[in-house]
Structure formats: structure tokens, C-alpha cells
1. Might you let me know whether region 115-138 holds any residue that is modelled with pLDDT of 85 or more, of a type outside the set (Lys, Arg) and either in contact with an Asp or Glu (Cβ under 8 Å, 6 or more places away or on another chain) or surrounded by 18 or more Cβ atoms within 10 Å (Cβ to Cβ) (or both)?
2. Going through Ala73, Ala87, Ala100 one at a time, which residue ends up being assigned by TED's automatic domain parsing to the domain that holds Tyr29, of a type in the set (A, V, I, L, M, F, W, C) and modelled with pLDDT under 90?
3. Residue pairs, Cβ under 8 Å, 6 or more apart or interchain, first in region 134-157 and in the same structural domain as Leu168 (by TED's automatic domain parsing), second among the aromatic types (Phe, Trp, Tyr). List them.
4. Please count how many residues of region 38-61 are closer than 21 Å to Glu149 by Cβ, surrounded by 20 or more Cβ atoms within 10 Å (Cβ to Cβ) and hydrophobic (A, V, I, L, M, F, W, C).
5. Does region 70-107 hold any residues that are of a type in the set (D, E, K, R), surrounded by 19 or more Cβ atoms within 10 Å (Cβ to Cβ) and touching a Leu at 6+ places or on another chain (Cβ under 9 Å), and which are they?
6. Given (1) under 30 Å from Ala158 (Cα atoms); (2) small (Gly, Ala, Ser); (3) touching a residue at least 40 places away in the same chain (Cβ under 8 Å), identify the lone condition not met by Ala52.
7. Given the conditions (1) at pLDDT below 90; (2) touching a Gly at 6+ places or on another chain (Cβ under 9 Å), and given that Asp55 satisfies all but one, which numbered condition is not satisfied?
8. Filter the helices (runs of 4 or more DSSP H) completely within region 1-109 down to those with at least 2 residues that are within 11 Å of the chain's Cα centre (by Cα) and either closer than 30 Å to Glu139 by Cα or of a type in the set (Phe, Trp, Tyr) (or both).
Amino acid sequence: MDIERRLLIVEDDAAFARTLARSFERRGYRVLHAASAEQVDEVLRDYSPDYAVVDLKLAGAASGLACVRALHAHDADMVIVVLTGYASIATAVEAIKLGARHYLAKPSNTDDIEAAFGRASGDADVELTQRTSSIKTLEWERIHETLAETGFNISETARRLGMHRRTLARKLGKQQVK
């Protein structure tokens, strides 16, 4: 008899969440979906997932990092993977500190996520690059570091960075330039 693998997907993009859920269901997972931190709390009252995939940037000012913290507090053995289109060193470090096992940049597919579930330790043989960071990359990482420090409060982040809130929102809306 197969052991049921329970998965929670925390994603505010309903179409992406549905696609991801179907893919994992075909692989034998029992999948539930939450679109916000509040829904995560509701799900955890009746459901104890073994695995979680958490989007870093949820609708509004919500942060997936708060969800990672809540999921890890609920069950320290839960395997949590953060999936984001807004990858930065600062948020990757915070996600791991809060209990995530891995941090994947979008686009990532079900194979990538399932592989991350199975990796229990780091890889000391990962290739180090000689590429230096561009000014745009450094700016992007500084913005995300400050966002993490402020609990993803856009207004406070803008104040700390000395820029107008709309300027920050515009920068966050753009894709990272490498």
C-alpha cells in the first residue's frame, strides 16, 4: 500500500497553482491549495502536510516568508520549498533560516520541485561562478534584503532606501536584469 504524500501549495496565482496541483496529483500526492497566509492558517487546523511549495510574493503586501515560518512552526519536519520569480540572496537566506529546505527561482517545474524535496543536504560541489554582479543585480538584491527586513512592507522599504514608494513599486514590477 502506498503511503499518502500530503502537499500544500501556497500560491496566489490560481492558474499556476491549479497546474502545479494537477501535476503533483498525477505523481500520487494529495494536494491542497492556499492563496494567502490566512488560508494557510485555516488549512493547518485540519490538515498536516508533509510537503509545501510556497510562493515568495503573495498578493498584496503578504510575504511567503511568513507562511514558511508558520508551516515550520506547525511541523519542523515538513519539507518546504520556496518558489519565486523575485529571487535574491537576502530572501533565499531568510527562507532557509525560517525553515525552508530549498529556494527555487521560477520558472521551475514539478521535476525541479520534487528533486528539491528529496535533497536533504547542501551540495559542496556546486560550481562557483567567476561572474561579478552588475549594478542592477546589486540594486535588486539590496531592495529584497530591505524588503525582508521590513516584513515586505513596501512603504517602509521605500523610506529606508530613500526612494519614492511608486518608484520602488515600479522597480519590483520589472524582471531582474542580469
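1. As a first pass, look at region 115-138 and keep what is modelled with pLDDT of 85 or more: 115-117.
Those still in the list that are of a type outside the set (Lys, Arg) too: 115-117.
Now drop any that are not either in contact with an Asp or Glu (Cβ under 8 Å, 6 or more places away or on another chain) or surrounded by 18 or more Cβ atoms within 10 Å (Cβ to Cβ) (or both), which leaves 116-117.
Within region 115-138, one or more residues are modelled with pLDDT of 85 or more, of a type outside the set (Lys, Arg) and either in contact with an Asp or Glu (Cβ under 8 Å, 6 or more places away or on another chain) or surrounded by 18 or more Cβ atoms within 10 Å (Cβ to Cβ) (or both).
2. Details: Ala73 fails: modelled with pLDDT under 90; Ala100 fails: modelled with pLDDT under 90.
Criteria check complete, one pass: Ala87.
3. Sorted first by the residue in region 134-157, then by its partner, the pairs are His144/Tyr86.
4. Summing the residues that are closer than 21 Å to Glu149 by Cβ, surrounded by 20 or more Cβ atoms within 10 Å (Cβ to Cβ) and hydrophobic (A, V, I, L, M, F, W, C) in region 38-61 gives 3.
5. Restricting attention to region 70-107, the residues satisfying the condition of being of a type in the set (D, E, K, R) are 75, 77, 94, 97, 101, 106.
Okay, now just the ones that are also surrounded by 19 or more Cβ atoms within 10 Å (Cβ to Cβ), so 94, 101.
Glu94 - this is the single residue of region 70-107 that is of a type in the set (D, E, K, R), surrounded by 19 or more Cβ atoms within 10 Å (Cβ to Cβ) and touching a Leu at 6+ places or on another chain (Cβ under 9 Å).
6. (1)
7. The one condition Asp55 does not meet is (1).
8. Details: elements: 14-26, 37-46, 64-74, 89-98.
Output list reads 64-74, 89-98.
The values are calculated or read from the model by the stated rules, or taken from the named source; none is laboratory data. Nothing here was measured: the structure is a model prediction, and the numbers come from that model. Because the Cβ atoms are built from the backbone with ideal geometry, glycine has one as well, and the counts that use them run over all protein chains shown.
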